[in-house]
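First the structure, in the form of structure tokens, and then the observations on it.
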Amino acid sequence: MKVTLSVLKADVGSIGGHIKPSRALFDEVKRFVKEAGKNLLIDSYVSSTGDDVAILTTHERGVNDEKIHKLAWDAFLAGTAVAKKQGLYGAGQDLLKDSFSGNIKGMGPAVAEMEFEERPNEPFVFFAADKTDPGAYNLPFYLAFADPMFNSGLILSTKMGKGFTFRIIDVAHTEKDRIIDLNTPEDIYEIATLLRDGERYVIESIFSRSTGGHGVSVSTTRLHNIAGKYTGKDDPVALVRVQGEFPATGEVLAPFEIGHYVAGFMRGSHNGPLMPCPLNVTVSYFDGPPVVTGAAFCVHEGKLTEAADVFDHPFWEHVRGKISEKATAIRRQGFSGPAMLPYSELEYGGVVEKLTALDKKFKLRD
Ligand code: F6R
Ligand code: MG
Ligand code: MG
């Protein structure tokens with residue numbers, strides 16, 4: 001059977017600042033999806049990561065389906081109404097347009113989707129990250145799909161021996177999608193050259209070269225580029241099929257042990273290490289550190305199993321300790337150098353205003 005996985009995610013308000021959605025908001029989104037999705041969806045799973053609410057759905061309508069996108073948009077509107085009623089911080093903040101126009105892409109919420117013929121057993125992981133942007137997945141997914149140091153299957157499995165096709169998108173180009181397909185293993189230096197700059201070049205999809213199967217889909221919206229100004233970080237979601245012609249679940253998780261530095265810590269303006277955390281995690285220290293959660297499922301005839309929480313294991317407690325040290329290490333240098341994002345990425349208008357005012361006061365010395 002051909003099934004579609006669609007995950008749609010937005011921040012429509014949170015308690016205590018940018019910490020987590022309220023119970024009432026969360027319950028309302030869940031209730032709405034259940035009610036309105038009755039004749040549309042096969043299954044759904046609503047979860048939160050930091051201040052973001054994600055709606056994972058399964059259905060047979062294909063990707064970019066207007067009804068599925070509208071369902072999510074309306075669910076986020078219903079959540080916004082609760083957020084407003086409760087006086088939550090940033091109520092409706094990711095809903096950047098006034099009315100729905102056929103596709104939720106470009107309207108604020110993040111979307112990742114894939115349609116495929118279900119294998120007899122179909123495991124996948126749904127990742128959600130808060131206080132960061134889509135480039136945060138560049139390094140872990142590159143390592144998981146292209147580097148035998150992390151993906152032993154590239155050596156051990158004949159199915160993966162042919163490598164993968166990486167579809168990379170230039171997120172700075174907003175008029176039309178600007179994409180490039182590059183193949184592993186022969187193009188790995190070109191792929192790394194692009195992925196180095198995660199604010200501009202982002203992995204959108206990865207396909208198996210042995211079966212053509214769609215293995216990865218990442219939400220690539222940049223709110224900053226849609227709104228043309230600061231509106232908060234993009235907090236990306238991703239779907240990753242595992243096992244068989246794709247990496248094993250543990251191979252996909254392995255690179256998250258690095259806790260690499262990503263954009264999005266405090267006010268979306270600082271770099272911080274990405275911390276793998278249990279489902280429904282909140283954020284804390286310096287409005288971070290940036291967090292990522294992973295819910296693993298099997299899907300069968302469109303029905304989801306319960307979620308397995310991939311980062312809820314004693315191993316990751318040790319990792320989180322190390323990553324906390326990385327977080328405090330970079331925080332110790334405050335606003336200096338790589339602790340803060342480059343000027344082009346700074347989310348706050350105040351910096352621009354200050355620099356413009358200061359610029360006028362500079363003098364040329366004779
Ligand atoms: C992402 C997030 C941050 C905030 C940013 C600005 O979930 O919460 O990117 O949007 O810290 O916050 P405010 O709106 O309080 O200036
Ligand atoms: Mg937020
Ligand atoms: Mg968020």
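Hey, what number do you get for the chain at 222 nm if only DSSP H runs of n ≥ 4 count, each worth -39500 (n - 2.57), divided across all residues, to the nearest 500?
Details: 10 runs with 101 residues, N = 366.
The helix contribution divided over the chain gives -8000 deg cm²/dmol.
For the chain, report the convex hull volume of the alpha-carbon atoms normalised per residue, in Å³, without decimals. Before the final figure, lay out the partial values.
Numbers: hull volume 56.2 nm³, N = 366.
Cα convex hull per residue, to the nearest whole number: 154 Å³.
For LYS131, go through the aspartates and glutamates and keep the ones whose alpha-carbon is under 17 Å away, minus same-chain ones fewer than eight residues off.
LYS131 reaches ASP11, ASP51, ASP52, ASP94, GLU199, ASP234, ASP235, ASP287, GLU345, GLU347.
Which residue fluctuates most in the GNM of the chain (Cα springs below 10 Å): ILE323, ILE258, ILE168?
Ranking ILE323, ILE258, ILE168 by mean-square fluctuation puts ILE258 first.
What is the mean projected area of the alpha carbon convex hull for region 130-208, to one decimal in square nanometres? Please report the intermediate quantities before stating the final value.
Details: hull surface 22.1 nm².
The Cα convex hull of region 130-208, projected and averaged over all directions, gives 5.5 nm².
Using Cα centres only, tell me the gap between region 233-257 and region 149-167 in whole Å.
14 Å
Under a 5 Å amide H to amide H cut-off, with H placed in plane at 1.01 Å, what residues pair with MET275 once short-range neighbours are removed?
Distant-sequence amide H within range of MET275: VAL291, VAL292.
Work out from phi, with θ = phi - 60° and the Karplus expression 6.51 cos²θ - 1.76 cosθ + 1.60, the ³J(HN,Hα) of each residue of region 294-304, listed in order in whole Hz, and give x for Gly and Pro.
x, 10, 9, 9, 10, 10, 9, 6, x, 8, 8
How fast does region 268-366 diffuse by Stokes-Einstein, in µm²/s, taking the Kirkwood radius from C-alpha pairs at 37 °C and 0.692 mPa s? Mind dumping the intermediate values first?
Details: Rh = 16.9 Å.
The estimated diffusion coefficient comes to 195 µm²/s.
Please list, in order along region 91-103, the HN-Hα scalar couplings obtained from phi with the Karplus expression 6.51 cos²θ - 1.76 cosθ + 1.60 (θ = phi - 60°), rounded to whole Hz, x for Gly and Pro.
Working through the residues one at a time gives 4, x, 5, 8, 8, 8, 10, 7, 9, 6, 10, x, 8 Hz.
Where nothing but the Cβ of Lys and Arg (+1) and of Asp and Glu (-1) is charged, how large is the charge dipole of the chain around its Cα centre, in debye to the nearest 20?
Result for the chain is approximately 940 debye, rounded to the nearest 20.
Could you pull out every residue, at least 5 positions away or on a different chain, whose amide H is within less than 5 Å of the one on THR132? Hs are placed 1.01 Å off N in the peptide plane, and Pro or chain starts have none.
Amide H neighbours of THR132: ASP234, ASP235.
Taking 8 Å as the Cα distance limit and 6 or more residues as the minimum spacing, I'd like the relative contact order of the chain as a percentage.
19 percent
Identify the chymotrypsin sites (Phe, Trp or Tyr not before Pro) of region 92-126 meeting these criteria: DSSP loop state and at most 13 other C-beta atoms within 10 Å of the C-beta. List each step's numbers first, then the result.
Values: sites: PHE100, PHE116, PHE124, PHE126; in loops: PHE100.
Those that pass, being in a loop and sparsely packed, number zero.
Between region 298-341 and region 45-66, what's the alpha-carbon centroid distance in Å?
So the separation of the two Cα centres works out to 21 Å.
Please state the shape class of region 177-318: rounded when a/c is under 1.5, otherwise prolate if a/b exceeds b/c and oblate if not, all from the C-alpha gyration tensor.
Oblate, since a/c reaches 1.5 and b/c is not below a/b.
Every number in this text was worked out from the coordinates using simple rules, so none of it is lab data. The structure displayed is predicted, hence computed values, not measured ones. FYI the Cβ positions are ideal-geometry reconstructions off the backbone, even for glycines, and counts take in every protein chain you see.
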